[in-house]
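Heads up, the thing below is written out as structure tokens.
The values are calculated or read from the model by the stated rules, or taken from the named source; none is laboratory data. Being a predicted model, the structure only gives us computed values, none of them experimental. Note that we place each Cβ from the backbone using ideal geometry, even for glycine, and neighbour counts take in every protein chain shown. SASA here: full protein model, heavy atoms, side chains in, ligands and nucleic acids out. Shrake-Rupley method; radii C 1.70, N 1.55, O 1.52, S 1.80 Å.
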Amino acid sequence: MTDYSKIVVSTRVRLARNLEGYPFPSHLKSDRQAKEIIRLVTSALARLDEFKIYYMDKITEAEAVSLKENHLISPNLISNNRCSAVLINREESVSIMINEEDHLREQCIVNGFDLRMAYETMSEIDGRISNSMKFAYDEQFGYLTACPTNLGTGLRASIMLFLPALTINGKMPRLIKDISRLGLTVRGMYGEGSRAEGYIYQISNEVTLGVTEEEILSQVQEIVGKVCVMELAEREILKTGAAALDIEDECLRAYGILTNCAKLTSGELTSYAACVKLGACLGYIGLDDVSRLDELLIKMRPSNINESAGRTLSSAERDAYRAKYTAKYLKKLIEKKQ
């Protein structure tokens, strides 16, 4: 199998489920019902893994933002914090949101391109939960969900991809249209409504009704594989085309800025790190494991910086911290490679 490690950032599988006999979260009649659902789910999971529970009305705003920035919860869960919770496993690869849009939003995120592993992990946990409680299910429509677009399997298979060459060469608008015709959708890093910052796009299935889990996984696997092949071809064009020297110069300048600046905003880091990552992919910068740059972006999110510093920093203090940490981090990576 072709190595797509310099293109695929991560894989996510998400299942939407609701408990039989309870209204959808937006129609729950009382806080008591919502808390009863939380109790039932946490009781079912107590025997599965070492999950930690976060009650959204008990944690601080900073903790909630940190969970969102690390893709463990959604903005919707935060806005519905009065009667919602999330269970997260020790490795932070599995999170189960309770009383978001549906009673349960179960997700597994793994690094790289591994749909099968993510699905098998989530499917096993979902199966064990269903042994303890009954999901709302219809023989004709499948799993019943708050939003009709999730009816059927309730499965969303998403792949996060780094697509700088397709973007720079102007191929993304046409590609997005072609993918949408096949029943898939392309979004930004944070899902629906978000922009593709740092050349990061998320490809996922749109259809969940009238198809099986296997059909969804196979289609997403096939389409993403084709997109990866296209990206690799466009990267070769970047290396050999008329603008090759300009691309190399931009990548090296970005590395120079990140290793020498005194302050650095989150947006600047995202933009410059994307250029450095592209430079590594094209062979201009000596870094084989480009996933280390993805790890850097996570470490330098505002909430994670505050946690590392042990206090809430001002915006200016975070920018200074981010610049100093990034310079040291990158220099160490390149020196280690050399």
### Query
So which residues in the stretch 139-176 are open to solvent by 10 Å² or more (accessible area, probe 1.4 Å), of a type in the set (A, V, I, L, M, F, W, C) and outside any helix (DSSP H, G or I), if there are any at all?
Phe141, Leu144, Ala146, Cys147, Leu151, Met160
#### Entry: Whichever residue in the stretch 281-313 is under 22 Å from the mean Cα position of the chain (by Cα) and aliphatic (A, V, I, L, M) and, among such residues, is most open to solvent (accessible area, probe 1.4 Å)
Ile298
### Among the residues listed as Gly142, Gly198, the single one being of a type outside the set (Lys, Arg) and under 19 Å from the mean Cα position of the chain (by Cα)
Gly198
#### Entry: Those residues of the stretch 169-187 which are closer than 23 Å to Leu238 by Cα and among the small types (Gly, Ala, Ser), in sequence order
Gly170
## Note on the structure
If you go through Ala136, Ala157, the only one that is among the aliphatic types (A, V, I, L, M) and within 20 Å of Ile223 (Cα to Cα) is Ala157
### Task
Any residue in the stretch 45-60 that's closer than 16 Å to Lys35 by Cα: show its pairings with residues that are outside any loop (DSSP other than H, G, I, E, B) and at pLDDT below 90 at Cβ separation under 6 Å, as long as the two are six or more apart or on different chains.
Leu45/Phe51; Ile53/Thr42; Met56/Asn81; Asp57/Asn81; Asp57/Arg82
### Message
On the basis of being in a helix (DSSP H, G or I), touching a residue at least 12 places away in the same chain (Cβ under 8 Å) and in contact with a Leu (Cβ under 8 Å, 6 or more places away or on another chain), does Leu40 make the cut?
### Response
yes
### Task
Name the single residue, out of those in the stretch 232-254 being under 29 Å from the mean Cα position of the chain (by Cα) and open to solvent by less than 50 Å² (accessible area, probe 1.4 Å), that is farthest from Leu166 (Cα to Cα).
Ala254
### Message
Condition check: within 23 Å of Arg128 (Cβ to Cβ) and either in contact (Cβ under 8 Å) with a residue 12 or more places away in the chain or crowded, with 17+ Cβ neighbours inside 10 Å (or both). Does Ile78 satisfy that?
### Response
no
### Query
Would you say Asn18 is closer than 23 Å to Ala118 by Cα and either of a type in the set (Gly, Ala, Ser) or touching a Leu at 6+ places or on another chain (Cβ under 9 Å) (or both)?
yes
### Task
Looking at (1) without any contact (Cβ under 8 Å) to a residue 12 or more places away in the chain; (2) over 26 Å from Lys299 (Cβ atoms); (3) within 26 Å of the chain's Cα centre (by Cα), find the lone condition where Lys29 falls short.
(3)
